[in-house]
Number of protein chains: 2
Amino acid sequence: MLDDKRNQIIAAALRRFSHFGIVKTSMSEIAEDIKLSKANLYYYFQDKFALIEAIAYQIMDESDVAIKQALDEIPNTLDTLVRMLDIKKEYLEKYYMLIINLQEMNMNEERWIALSKKMFQREMDTISKIFERGIKRNELVTFDVSSTSELYVALMRGLAMFCDHTIPHALVDRDELDKIIEKQKQAAAIFINGIKKSTNS
Amino acid sequence: MLDDKRNQIIAAALRRFSHFGIVKTSMSEIAEDIKLSKANLYYYFQDKFALIEAIAYQIMDESDVAIKQALDEIPNTLDTLVRMLDIKKEYLEKYYMLIINLQEMNMNEERWIALSKKMFQREMDTISKIFERGIKRNELVTFDVSSTSELYVALMRGLAMFCDHTIPHALVDRDELDKIIEKQKQAAAIFINGIKKSTNS
């Protein structure tokens, strides 16, 4: 019941944020949308940022389900990473308006940094799982999984910012998305080849 | 003679920019430093940005000499790339004040983008040379040198921006430099391993 209300609020906030932008959406409007008192809304979420966090976690949970499925279905490490990039692309397209709106906000707050760290950590954990499985299956050489996953995620994220070879920028141009994902796939192939056990050994 | 004057101006500008910052340095001050009339200075450089460009080209030329030497001395591809990263570190340290000052300026101008593109292209050309040599020496597999060099440079640059795993930022913290170069070396090793001919074949 309590969770139900919480989910209703998140859904309403997501709708508002996606259509009108985060900056232009007020907490009152979200409350009105689901016929909730403003006080009641604040009981669940102390401010707009708490709502953004909740949405971010929900999107991560959602994509984790898709990734878990890929892990079950695809034994090969590179194919799993390629599938992950496709899932990422799907989510970037689905929540594109939201991502653009996030960029309009001040990105230097402590809470932003904390959330970004958590998102990075979560991606790293997924990559670690994939790498560990690859080592167990004797497909990859043994290496420090934690630092290698960290490197992989940082490389992939950084690549997205340098796709047009000029001044780095966060992902804004939807038309670039295909190109970015394509390059990330290319990079993933070279990376995995670099930590793969030699087939001739 | 004409080049001499030009070089004097570049040297004076570099000194001023490094010590007082680009924003705080006026064209008049640079002219005064080398006892040149302001009109004469503008004959050589139409504005401050033209001076920044000239400095950027000079630094690139300077580091190209060091890279050429490395190419002559080091036959192995990965060792050459590691040496390149060390050279880069040296230059970043040497011109650190200048780089910080550049960040204070508006980075979205067309001329900035054009200069950034040229710098990217130049780095790509160097990496292409190293890769081509590696293929010729039968150390690397045959691949599309141009797109692979592009990918390598974009990966390395992007990695520098994600070193602390939070919100990406341009290189500002000098204390992070060692860590960034270390990670770039790690990434270079995996990348080269990924395009290396198998030793068992």
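Quick notes on this one:
- Helix A:110-136 axis, angle to chain A major axis (alpha carbon atoms, nearest 10°): 30
- Normalising by residue count, region A:1-46 has a Cα convex hull of 61 Å³ per residue.
- Residues B:Gln121 and B:Val141, FRET efficiency given R0 of 22 Å [Cβ-Cβ distance, rounded to 0.05]: 0.35
- Between 0 and 90°, nearest 10: helix A:77-94 axis offset from chain A longest Cα axis: 20
- Looking at region A:112-151, the trypsin sites (Lys or Arg not before Pro) that sit in a DSSP loop and have at most 12 other Cβ atoms within 10 Å of their own Cβ are A:Arg137.
- Residues with amide H under 5 Å from that of B:Leu140, placed H, sequence gap 5 or more: B:Ile135, B:Lys197
- Within the straight-line cut-off of under 20 Å between alpha carbons, the aspartates and glutamates reachable from A:Lys35 are A:Asp3, A:Asp4, A:Asp47, sequence neighbours fewer than 8 places apart in one chain being disregarded.
- Between region B:31-92 and region A:1-64, the C-alpha centres lie 52 angstrom from each other.
- With each label modelled as a point 7 angstrom along the Cα→C-beta vector, the B:Lys24-A:Val23 pair spans 3.2 nm.
- Sorted from closest to farthest, the other copies place their A:Ala114 label points 4.6 nm away, with each point set 7 Å from Cα along Cα→Cβ.
- Percentage relative contact order, chain B, counting C-alpha pairs under 8 Å, at least six apart: 21
- Nitroxide proxy distance, nm - points 7 Å out along Cα→Cβ at B:Ile59 and A:Glu132: 4.3
- Using the Cβ-Cβ distance between B:Tyr42 and A:Glu176 with R0 set to 35 Å, the FRET efficiency works out to roughly 0.35.
- Where only C-alpha atoms are counted, convex hull volume of the protein assembly as shown per residue in Å³: 166
- Candidate lysines - alpha carbon under 21 Å from A:Lys136, same-chain residues fewer than 8 apart omitted: A:Lys68, A:Lys196, A:Lys197
- Over all pairs of different C-alpha atoms, chain A has a mean inverse distance whose reciprocal, the Kirkwood radius, equals 18.8 Å.
- Label-to-label distance, nm, for residues given as B:Ala50 and A:Arg15 (7 Å Cα→Cβ offset): 6.0
FYI, it's all coordinate maths here, none of it is from the lab. The shown structure was predicted, so the numbers you read here are calculated from the model rather than taken from an experiment. No Cβ is skipped: glycine too gets one built from the backbone with ideal geometry, and neighbour counts run over all protein chains shown.
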